[in-house]
Amino acid sequence: MPELPEVETVRRGLAPVLEGRRIASALARRPDLRWPLPERFAERLAGRRIAGLGRRAKYLLIDLDGEAPGPASAPDEVLVVHLGMSGSFRIEAGQGPAEAPGAFHIPRSRAAAHDHVVLRLEHGVDIVYNDPRRFGAMLLVPRSGLEAHPLFRDIGPEPLGNAFDAAGLAHALKGRRTPIKAALLDQKIVAGLGNIYVCEALHRAGIAPERLALTLASPTGRATRETRLLVETIRTVLEEAIAAGGSTLRDHAQVDGTLGYFQHTFRAYDREGQPCLAPGCHGSIARLVQAGRSTFYCASCQR
Ligand SMILES: [Zn+2]
């Protein structure tokens with residue numbers, strides 16, 4: 001499943017193409033993805049101007065202006081998109097190879113049979129949503145109701161935003177007797193973190209994945225040196241991954257569509273049995289299953 005850096009890379013790739021443009025027409029080739037598409041989906045998108053492209057956790061937020069041609073103008077709405085397991089966007093601009101922003105662990109499909117939704121923009125560019133496994137989702141949510149929407153109302157702070165800080169994290173971890181790995185995967189504590197970047201952040205911070213969450217804050221729920229280190233490390237691994245995704249996009253996407261991945265930058269994830277890359281550590285990466293998911297860590301330098 002794409003994690004936050006991949007979704008952010010997709011957002012950055014699509015934004016210059018979509019922002020400020022009007023959707024001339026839309027096409028939905030099937031009635032559903034993971035969930036049914038909104039009623040009259042294509043009709044409701046046609047004519048709308050895209051005001052901006054945002055992201056919340058692993059959701060892309062495509063802001064649609066209310067003004068639309070036709071008798072009834074619609075409220076300002078957000079087209080909320082989740083890429084599921086295998087969703088991707090292609091930008092098709094007439095001549096030349098299509099661009100597919102983002103860099104994914106598993107290569108994206110380009111089979112036309114899986115092209116489910118097409119947005120044709122006013123300047124003749126098609127934005128094609130492809131999703132072989134159809135775990136993705138598209139919803140139309142009124143702008144004013146976005147934060148209170150069931151998908152978003154319980155989601156914690158964005159890890160790259162100002163609201164995610166050591167004081168808040170310490171407060172959230174206070175008294176929690178779950179492993180820190182599980183706590184960081186809890187979307188109520190911090191938004192958008194998945195297995196890969198939790199493994200990477202804990203490794204980079206030298207914190208053992210099985211440590212009880214409460215040990216990373218003071219008994220009264222105040223930030224400690226380790227809480228601050230963890231916050232900084234989470235930001236760093238995400239920022240590095242986004243930067244790597246950006247360069248992958250520029251280097252490879254237009255050549256043959258085979259996107260590389262940030263994998264070469266992983267220090268722990270998917271490296272079982274290989275030497276630990278922490279400076280000065282002579283340990284090796286081990287794998288442990290926590291709550292049904294693999295955790296990659298180094299028993300020598302993660303305490
Ligand atoms: Zn190590």
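Picking from residues in segment 207-222 that are part of a helix (DSSP H, G or I) and within 28 Å of Pro2 (Cα to Cα), the one that is nearest to the ligand (Cβ to nearest atom) is Leu216.
Among all positions in segment 246-253, there is no residue which is open to solvent by less than 60 Å² (accessible area, probe 1.4 Å), modelled with pLDDT under 95, assigned to a loop (DSSP other than H, G, I, E, B) and within 16 Å of the ligand (Cβ to nearest atom).
Residues of segment 275-297 that are in a loop (DSSP other than H, G, I, E, B) and either of a type in the set (Gly, Ala, Ser) or surrounded by 14 or more Cβ atoms within 10 Å (Cβ to Cβ) (or both): Cys276, Leu277, Ala278, Gly280, Cys281, Gly283, Ala291, Gly292. Among residues of segment 268-282 that are near the ligand (Cβ under 9 Å from one of its atoms), those with a beta-carbon under 7 Å from a residue that is aromatic (Phe, Trp, Tyr) at least six positions away or on a different chain give the pairs Ala268/Phe296; Ala268/Tyr297.
From the list Arg143, Arg153, the lone residue that is of a type in the set (Lys, Arg) and modelled with pLDDT of 95 or more is Arg153. Filtered by the rule that a residue be assigned by TED's automatic domain parsing to the domain that holds Glu232, open to solvent by less than 10 Å² (accessible area, probe 1.4 Å) and small (Gly, Ala, Ser), segment 150-176 gives a lone residue, Ala170. May I ask you to verify whether Ile234 is more than 16 Å from His171 (Cα to Cα), within 16 Å of the ligand (Cβ to nearest atom) and either exposed (fewer than 15 other Cβ atoms within 10 Å of the Cβ) or at pLDDT 95 or above (or both)? No. Checking each residue in segment 177-206 for being part of a loop (DSSP other than H, G, I, E, B) and either among the small types (Gly, Ala, Ser) or surrounded by fewer than 19 Cβ atoms within 10 Å (Cβ to Cβ) (or both) picks out Arg177, Thr178, Asp186, Gln187, Lys188, Ala191, Gly192, Gly194, Gly206.
The values are calculated or read from the model by the stated rules, or taken from the named source; none is laboratory data. It should be emphasised that the depicted structure is a prediction, and the values quoted were computed from it without experimental measurement. Don't worry about glycine lacking a Cβ; one is built from the backbone with ideal geometry, like all the others, and counts go over all protein chains shown. Remember, those area values only see protein heavy atoms, side chains included, never the ligands or the DNA or RNA. Shrake-Rupley method; radii C 1.70, N 1.55, O 1.52, S 1.80 Å.
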